[in-house]
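Comments concern the structure below.
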């Protein structure tokens, strides 16, 4: 039989699918394919969807508490994200105002698909995951943060990086394959969700009815199908899809609203009605029971009496209500008729249930006495406050009479029980009286018959963990009447806990109704203590197994882990239930150790043990560690393998230590190789020696290539040094001291190496040398270095002598000063210079303070202080040099000198070099040159005046030529134009061609004259330097060029803030020529690209104009800037060939340079700098 939910869902889906296929099969009727005013409809439908999404989120978020399944929270938080994405889809739809970025079908589809994928994923997750609540409240907030993060990422990518997303809409072809594939994926996810929701809805004990989610998901599938078929964003399929989406949302809202909002309110009303019925039932029951019931408020004032209570007290409910309980319920001790404390007052004071003492009786208003049993219990509200007391009591007069008769019998029984250490008890269900034997009193730690036992006192003795079990058993036995054997614990009066073995039976009347429950108690505490001790021992053994410092596990014959201790689990990072009976041991070791295990495990099962087998194991987090395994096999009686007992020791640190030791040995070997130092050990008694690898290499051998011994090493020592080596060794052994000896060895290839040998002697307890250890250091390089040092010292002395000769040969008076200005060396000319100027060597020679000596120099006629300061600045490193020219009135004649002081080093203060150059002849020549320069200046002024006059004449000539040439040109152009207008129709084609050539030639002649005049003007006039905004200027020029040919597609790339200092008018001519050329030579490019930019090179700004035009052959670059030079024919590109010559002259006037680079047919770039 078909499930009704499936049937309804298929009918609904079939109906909607039928509408879809009807629309699909209809001919393209414009009224159905294109809907006018679609945007308002779309806005209304999407707004409705956004509102429903937010309402679903609000309902689920505020009604799903900690007990609700997490699946609903997934749906709710997903609907919040869907609402936000649908809002973005609404704002991005074609025709809507721009939402951060321009609205478009592509943008709207991106947000649409994001929302659909979000909802489909949420429904799929909700239908797949188990329907249980979150483990903590933080789970729902993390889920909300996750969905909001995905939503924010979607906004960010689409609004600021839309190029990252595939194209879903093409203006010509409509939906792209990517869009359709995405929709099919979404449809599949919804369809799977619908099936899973149906399966979940068929399960019992679900806290949420998922049946409504199945048709909702199914309708969404048809909705998404519509969005694979529209050809326009405003056609009928688009509208149909939105309508189906609204229907699906209504299904979702209805199922969530009904179960999360409306159903709880309906259940609340039903609960209220049930409570009213229960109240009525309780009141009827209260008045029907055989016990008296009195209720009071928190002050002990009577509030109600049931029928039995009215009979026993002699007062009606109306008469007793409002009176203190002490006036209504008068209690006395029936043995001496003394008053007993009102149980209600005691209950209110002690805030607990109070059982009235034995032998209690009440006196009614009519004077009748009744023996009673009574219990007063507090009534506690939900806040834990006592709001009143309920007191239950019954007439037990007859029961007490019968009890007295039984006392004697009980005494005898008590004696028997004391002997058997067995207590018994009985509970009269009719009178609610309980009796214990004396032994039972003793078992619970009481003096026999020290108190009246009752149900509550019995219950109070039960250990809190066993109380419910025992009381439940008492209730069950009164129902099923079957005996019960059980064990439980009691708490004695002294606080001791005792273990009890009990047997409980029930007594029934003729009608089969229980009238009493009785049983026996046997104190089995000592038995339990013994059992507990055994269990403790077992636990200790188990703890030892689990927490041993080594790992334990057991493998079956297939290698499956059957048992594993806590230590090994902690090593691996697993829990027991993840491995035991589930995982093979080989699953916990790397691939390279699997073969080792597969080889050894069969042999282990046969031989029965394995020792110190090393494995590398893999933890749960992927990290590795090493273990050493020792195992023994367990066999059955037939000798068949059952399992292993395996112990594992973590040897990771040992492995690391071994690796570290190996690395240290390798490092030592490398260090010895780097230092060329070998080590050795010599056992003197046996004569054996061990050499390091480097000692072999020092001897020119491969490590381990010969047997090592003392004699073997002697063979390598050259014969002349062998005796010295033997004597030093023997001396160290005789004196128990160290030995140190330098000697030579000869390698097998004949090369000689210098060796430094060192060693120490090791003595035994008797002071006898038994061992020697030492090093062998190859000092060949050091010896060679010492030889080179001696050689260099001799060479240095030789160079010093040459330097002294060079200093003496220099044509300058030269002295070297230290940092303090003390003369440390002079050349021979310095001595002569001092004598010529009347100075002794004591005054101006080596060892004297040169700055101080300058004060006493009679030859320095210039400012002495400035000379001293200049020298100090050079010596302190504050100045790179000091130069001073002075005249010196020597005893023989007046001469001129140039003093130069420079530091010996620019990096550190080492002193200075001071030179005095005789410039007398140069000074005389300088005087003559100055006279000649004055004459030359006069000639230059005269020549400049002549050039200015010539320029003025040239300017007048240029104007005259321009004016005189323009007049006939205008006549030629004018008359040719008249001929063309007046007689053009009567001319044949050849005559018209001649006439056109005349007009073109006249026009070109006029352009040539203009260019020549401009070329002549750039060399005249004063340059006016100002800051020029080339960016703005280029924009104006290019805009004008574009307006002349608006049909051309062009892209202008102008660098912002491109500024330069120069003559504004001339620089505008430069840009006009360069940009006009770029515009002209890119005529055949689609699109035209012209760029103006700049960059820094060698602390100068270089400006450039670049285009993607025809370009030119680089080998003709030298012709570019010459007047009338053209690299293209007139038929290709018009022009006079003067523009670039003008550019070159303007740049030259600014003391700049201009150049060009190009690749034919790939454009050209012109550079200039000022």
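The values are calculated or read from the model by the stated rules, or taken from the named source; none is laboratory data. These numbers were taken from a predicted model, which means no experiment stands behind them. Neighbour counts are summed over all protein chains in view; Cβ atoms, including those assigned to glycine, are modelled from backbone coordinates with ideal geometry.
Before moving on, here are some points about what is shown:
- Yes/no for residue 760 being in the same structural domain as residue 738 (by TED's automatic domain parsing) and surrounded by 11 or more Cβ atoms within 10 Å (Cβ to Cβ): yes
- Test: residue in the range 196-212 that is over 26 Å from residue 110 (Cα atoms) and at pLDDT 80 or above: yes
- Residues located in the range 1072-1088, provided they are more than 10 Å from residue 1110 (Cβ to Cβ), surrounded by fewer than 21 Cβ atoms within 10 Å (Cβ to Cβ) and either under 52 Å from the mean Cα position of the chain (by Cα) or modelled with pLDDT of 90 or more (or both): 1086, 1087
- Per-region count, the range 370-384, residues exposed (fewer than 15 other Cβ atoms within 10 Å of the Cβ) and farther than 20 Å from residue 304 by Cα: 3
- Filter pass, residue 1030 being crowded, with 18+ Cβ neighbours inside 10 Å and either modelled with pLDDT under 85 or farther than 26 Å from residue 1150 by Cα (or both): no
- Meets criteria (surrounded by fewer than 22 Cβ atoms within 10 Å (Cβ to Cβ) and modelled with pLDDT of 80 or more) for residue 134: no
- Qualifying residue in the range 828-839 (condition: surrounded by fewer than 16 Cβ atoms within 10 Å (Cβ to Cβ) and farther than 20 Å from residue 918 by Cβ): no
- Some residue of the range 28-42 being out of contact with any strand residue (DSSP E or B) (no Cβ under 7 Å at 6 or more places or on another chain), under 21 Å from residue 254 (Cα atoms) and either modelled with pLDDT under 70 or not in a loop (DSSP other than H, G, I, E, B) (or both): no
- Yes/no for residue 1098 being in the same structural domain as residue 1029 (by TED's automatic domain parsing), over 52 Å from the mean Cα position of the chain (by Cα) and closer than 17 Å to residue 1155 by Cα: no
- Test: residue 871 is more than 60 Å from the chain's Cα centre (by Cα), modelled with pLDDT of 75 or more, on the phi < 0 side of the Ramachandran plot and in a helix (DSSP H, G or I): yes
The rows are residues; the columns are (1) touching a residue at least 24 places away in the same chain (Cβ under 8 Å); (2) within 30 Å of residue 360 (Cβ to Cβ).
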| site | (1), (2) |
| --- | --- |
| 452 | yes, yes |
| 473 | yes, yes |
| 506 | yes, yes |
| 509 | no, yes |
| 523 | yes, no |
| 528 | yes, no |
| 531 | no, no |
| 539 | no, no |
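- Qualifying residue in the range 894-910 (condition: at pLDDT below 75, over 60 Å from the mean Cα position of the chain (by Cα) and either closer than 30 Å to residue 867 by Cβ or not in a helix (DSSP H, G or I) (or both)): yes
- The test for being at pLDDT below 80, out of contact with any helix residue (DSSP H, G or I) (no Cβ under 8 Å at 6 or more places or on another chain) and crowded, with 17+ Cβ neighbours inside 10 Å holds for residue 69.
- Some residue of the range 325-332 being in contact with a strand residue (DSSP E or B) (Cβ under 8 Å, 6 or more places away or on another chain), without any contact (Cβ under 8 Å) to a residue 40 or more places away in the chain, farther than 20 Å from residue 375 by Cβ and surrounded by fewer than 17 Cβ atoms within 10 Å (Cβ to Cβ): no
- Screening 696, 725, 716 for residues that are over 21 Å from residue 771 (Cβ atoms) and buried (at least 16 other Cβ atoms within 10 Å of the Cβ) leaves exactly one candidate, 716.
- Restricting attention to the range 472-507, the residues being closer than 14 Å to residue 519 by Cβ and either under 59 Å from the mean Cα position of the chain (by Cα) or assigned to a strand (DSSP E or B) (or both) number 14.
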